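Down below is the structure, laid out as structure tokens.
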Amino acid sequence: RGRSALKPGEAVAGPALIIDPGSTTVVDEGWEAKLADEGSLVLSRTAPLQRARAVGTQVDPVRLEIFNNLFMAIAEEMGVVLQNTATSVNIKERLDFSCALFDATGALIANAPHIPVHLGSMGDSVARVLEVRGPGEDGKPRDGRGLRRGDAYAVNDPFRGGTHLPDITVIVPVFYDDAATKPDAFVAARGHHADIGGIAPGSMPPESTTIEQEGVLIDNLLLVDEGTFCEDAVRQVLADAKYPARNPDRNLSDLRAQLAACTRGSELLHQAAGERGAEMVTAYMGHVLANAEESVRALLGQLEDGSFTYPMDNGAQITVSIRIDDASRSAVFDFTGTSKQQPNNFNAPRSITRAAALYVLRTLIDDPIPMDDGCLRPVELIVPEGSMLNPMPGAAVVAGNVETSQVVTDCLFAATGRLAPSQGTMNNFTFGNEAHQYYETIAGGSGAGPDHDGTSAVQTHMTNSRLTDPEVLETRLPVRLESFAIRHRSGGEGAHRGGDGVERRITFLEPMRANILANRRAVPPRGILGGEDALPGQNWVERSDGSREDLAATGSADMEPGDSFVILTPGGGGCGAS
């Protein structure tokens, strides 16, 4: 209709077009246009807007990017608080911790770039809290108490989402609304404690065969009761195990630091809900997951079927087959063929394999998205029960977290053809006595890919911690760092070379027990696509009298003043024929 034909006060109901020489006005259904006395065209709604969702809850690309970064920034700030409030070398210096956000169901939403093996498994720990304390089918709390404001819980049970016993997770429920009766989200901080008991100082015994030999097991302990720190209850748990924690004061200090990090994360999430609306924050947690899922489906459309079997030094093997369904852009990661549960401590709880799969998928995606549980939605994991990747409760697992996880990751990458195996170990080195306990993982070489060389002297894959500064190491512990250098030419040759490992030599100044818990001392890191294998690692003890004692991938030694422990870490495999 022409605008010039309208009379002042005349209304035109939508849908309609009002045309004048310089413009066209669209009047949608449920609106009307009325010509004002001075000639303006006024549009008014005549029918109420029907909304199925709250304002801002439908996905918007700009808001999605904002919330991606918001959630990651909260996790990163949690990490800063944890590092600044901790006093232990493991957390403050080595950064062996992880912080993350979870939705109301326990799905991982976002994390800081901390320790991958922690992050992919922490959701199972949150799920454990929900399983025990959340509402049952009748809507009432299963434990009779429920999840309350000001509560916090501690978990390290490897069969309930943990990794190994030194890694304790603190979990805090977040309530956006003061009237809410159930949590809207969770925040969690996992930290490696220098000692949690067990048969060896540092709680990383090479020779453990049961979980109780590795330390104190904590399953869903109420750490804070509506704002009150349950110190007596925690001390009781740390003391009651067959092999109790050696320094409970240090454990309590680290737990308080983790709690401070979770408190900060809870405050920031609550603030975001107050500024943007609880419904919008909750909705975008879902959108973040859906976006990650779509990114992985796009990736899977580029991959092909593949398989890889990789033996370990102890005779066990990891086998994986990747099967891609192009029609649904989904995949099956099938670990059938992996060795059965082991009598040693190289068993890895199923959550470890889940963490490795999540990490591999996320690193193969170029998009700047959080590493979250949406990445695993298009993937079915088949992990046979009773295998070393899904052992029965009670199995020893301390090496499964740090060593077997690396082999699982290497197998997945090699099966895709995107990356040769890296050093395949964390080279876990612990030492201590009744006064001192220390733990570190040591860098090595990363594997090469079809379009790049590997990197030398780097922490690879499932570990992302750093080594303690020499000055701090020598100030706090009675040892001397004699050398720390690149182990040249230890990477595999090929069209693209694998990275080189390192040499690390530590001399002891008082009697201690030292332990190495590693892999790839007999079976080398493999090359792929015609690339050559890297050099395997070595470790030995040089006594003050000049004698030498060689150690296997796992072993212990009593160190006396003047004795040196020497560790050569493996390189990464090469890629492509040279």
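Rule-based calculations on the coordinates, nothing more; no lab input. It should be emphasised that the depicted structure is a prediction, and the values quoted were computed from it without experimental measurement. When we count neighbours, we look across all protein chains shown, and the Cβ atoms used for this are built from the backbone with ideal geometry, even at glycine.
Brief remarks follow.
- Listed residue (Phe335, Thr475, Thr507) projecting farthest to the positive dipole end of the chain, Cβ model: Phe335
- The chain: angle of helix 248-276 to the longest principal axis, Cα-based, in degrees nearest 10: 10
- When the trypsin sites (Lys or Arg not before Pro) in the stretch 212-277 are filtered for DSSP coil states and for at most 13 other beta-carbon atoms within 10 Å of their beta-carbon, the remaining sites are Lys242.
- Each Lys and Arg adds +1 at its Cβ and each Asp and Glu adds -1 at its Cβ; summed about the Cα centre, the chain shows a dipole of about 440 debye.
- Annotation for Ala233 and Leu252: the two label points, set 7 Å from Cα along the Cα-Cβ direction, are 1.5 nm apart.
- The candidate values are (i) 79, 74, 52; (ii) 71, 51, 44; (iii) 110, 62, 44; the one derived from this structure for Cα extents along the principal axes in Å carries the label (iii).
- Among Cys230, Ala152, Pro244 - extreme Cα towards positive end, dipole of the chain, charges at beta-carbon: Ala152
- Anisotropy class of the stretch 3-45 from Cα gyration tensor, a/c 1.5 cut: oblate
- Using alpha-carbon coordinates, inclination of helix 350-363 to the longest axis of the chain, degrees: 60
- The chain, relative contact order [Cα under 8 Å, separation at least 6], %: 12
- Cα gyration tensor shape for the stretch 241-295, rounded if a/c is under 1.5, else prolate or oblate: oblate
- Only one residue of Thr404, Met388, Ala414 has its Cα farthest out toward the positive end of the dipole of the stretch 334-418, where Lys and Arg carry +1 and Asp and Glu -1 on Cβ, and that residue is Met388.
- Partners of Lys34 within straight-line reach, counting lysines whose Cα lies under 29 Å from its Cα and excluding those fewer than 8 residues away in the same chain: Lys7.
- DSSP loop GluC sites (Glu not before Pro) with at most 14 other Cβ within 10 Å excluded, longest remaining stretch of the chain: 435-578
- Most to least packed among 183-192, 94-103, 453-462 [average Cβ atoms within 10 Å]: 183-192, 94-103, 453-462
- Eligible lysines near Lys182 by straight Cα distance, threshold 21 Å, same-chain separation 8 or greater: Lys140
- Of the peptides 153-164, 308-319, the order by per-residue mean of other Cβ atoms within 10 Å, starting with the highest, comes out as 153-164, 308-319.
- Estimated FRET transfer efficiency when R0 is 41 angstrom, pair Ala522-Thr87 (beta carbons, to 0.05): 0.60
- Virtual paramagnetic centre 7 Å along Cα→Cβ of Ile382, amide N under 15 Å, in the stretch 303-332: 305-308, 319-325, 331-332
- The calculated 222 nm mean residue ellipticity attributable to helices in the chain amounts to -8000 deg cm²/dmol, summing -39500 (n - 2.57) over DSSP H runs of n ≥ 4 and dividing by all residues.
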